[in-house]
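Please treat every number below as a calculation from the coordinates, not as lab data. Computed from a prediction, not measured in an experiment: that's the story for all the values here. FYI the Cβ positions are ideal-geometry reconstructions off the backbone, even for glycines, and counts take in every protein chain you see.
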């Protein structure tokens, strides 16, 4: 047996345990989910095969799910703008902080390591109209801010929850952008400055092209993460008031565990997963036309 052949066998033997672990943890539950999405399974007992009825119900009958998807899109729109822009801006400032850069990076990243349950509960205390931040505004004499019901107003509740998630997320975005900025060749800035480019031009024509792979990756993660987010909404509002913060993941949870309609919940989950796959391959298409990831 040749040395190369023997090396391939040894390498394969080391990979096989991880492969089987991945198969049983990821592949088997996924295949089970696909099967249960075609049944009327209630979570217990034997499932009855009903074909595509769950998907037909989702498309033509479930207005609450349609509303949840719209909320997901609004949620995503916030995360594709504010955290990305603010994280990049703060990264550009932090990268110039010299010896204090590590301290700023740690402080800005700190919210990301706080448990979503803990931060959600803390912000619910801040949002309390009787003992939270409204009392501070009242004490300051800002009465126009003291009467806002952040999670009780249907027009504000979704964005109030999104703000907490944004507070948690942007530190991660900043650290990723910082790592990308450190990879930019300084000589490119020097050449652009010698050509008479101002700061905005250097940012648009040097910084952005150099960090574009990181930007595309963050956009992909953000879009997919916005569709599968669950913890902050469930901890803070559980989809209320009156469905104002209902998103796809909380609606799936309610169908599967509150209404004991696990078959329909599986169909909804498959649909959300399919949407995430479409997003992924969409960005792979961007990669093929020149945006390398």
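What is the distance in Å between the Cα centres of the range 97-129 and the range 1-64?
For the range 97-129 versus the range 1-64, the Cα centre distance is 36 Å.
At 25 °C and a viscosity of 0.890 mPa s, what translational diffusion coefficient does Stokes-Einstein give for the range 228-270, taking Rh as the Kirkwood radius over Cα pairs? Give it in µm²/s as a whole number.
On the way: Rh = 10.3 Å.
My calculation gives 239 µm²/s for D.
Relative contact order for the chain: what is it in percent, counting Cα pairs under 8 Å that are at least 6 residues apart? If you can, show how the numbers build up before the last one.
On the way: 306 pairs, mean separation 84.5, N = 293.
29 percent.
How much length is gained on full extension from residue 89 to residue 48, taking 0.36 nm per residue of separation minus their Cα-Cα distance?
Numbers: separation 41, 0.36 × 41 = 14.76 nm, distance 5.41 nm.
Net length gain for the segment: 9.4 nm.
With a ≥ b ≥ c the root eigenvalues of the C-alpha gyration tensor of the range 67-126, is it rounded (a/c under 1.5), prolate (a/b larger than b/c) or oblate? Walk me through the numbers before you get to the answer.
Values: a/c = 3.78, a/b = 1.52, b/c = 2.49.
The shape class here is oblate.
Rank-order 65-74, 178-187 by packing density, defined as the average count of other C-beta atoms within 10 Å over each peptide's residues, highest first. Intermediate results must be reported in sequence, preceding the final value.
On the way: 65-74: 17.3, 178-187: 13.3.
Top to bottom by mean Cβ count within 10 Å: 65-74, 178-187.
Assuming R0 = 45 Å, can you tell me the calculated FRET efficiency for the pair residue 278 and residue 99, based on Cβ-Cβ distance, to the nearest 0.05?
Computed FRET efficiency for residue 278 and residue 99: 0.50.
Over all directions, how big on average is the projection of the convex hull of the alpha-carbon atoms in the range 1-143, in square nanometres?
On the way: hull surface 80.1 nm².
For the Cα atoms of the range 1-143, the hull's average projected area reads 20.0 nm².
I need the P(r) histogram for the range 127-205: all alpha carbon pairs, bin width 10 Å from 0 out to the longest distance, whole percents.
Percent of Cα pairs in each bin: 16, 24, 19, 17, 18, 6.
Which percent of the Cα-Cα distances in the range 62-288 go past 33 Å?
Working: 7594 of 25651 pairs.
Considering the range 62-288, 30 percent of its Cα-Cα pairs are separated by more than 33 Å.
Which peptide among 220-226, 250-256, 99-105 comes first, and what is the full order, when sorted by highest mean count of other Cβ atoms within 10 Å? Mind showing how you got there, number by number?
Details: 220-226: 18.6, 250-256: 21.1, 99-105: 12.3.
Highest mean packing first, the order is 250-256, 220-226, 99-105.
Between residue 56 and residue 30, how high is the FRET efficiency from 1/(1 + (r/R0)^6) when r is the Cβ-Cβ distance and R₀ = 35 Å? Nearest 0.05.
Values: r = 22 Å, r/R0 = 0.63.
In this case the efficiency is close to 0.95.
Please compute the modelled spin-label separation between residue 9 and residue 147, points set 7 Å along Cα→Cβ, answer in nm with one decimal.
8.2 nm
Along its three principal axes, how long is the range 22-99 when you only count alpha carbons? Whole Å, largest extent first please.
64, 35, 18
Using square roots of five times the C-alpha gyration tensor eigenvalues, list the equivalent-ellipsoid semi-axes of the range 160-264 in whole Å, biggest first. Display every interim value, and only then the final one.
Numbers: eigenvalues 373, 35, 21 Å².
Over the Cα atoms of the range 160-264, the ellipsoid semi-axes are 43, 13, 10 Å.
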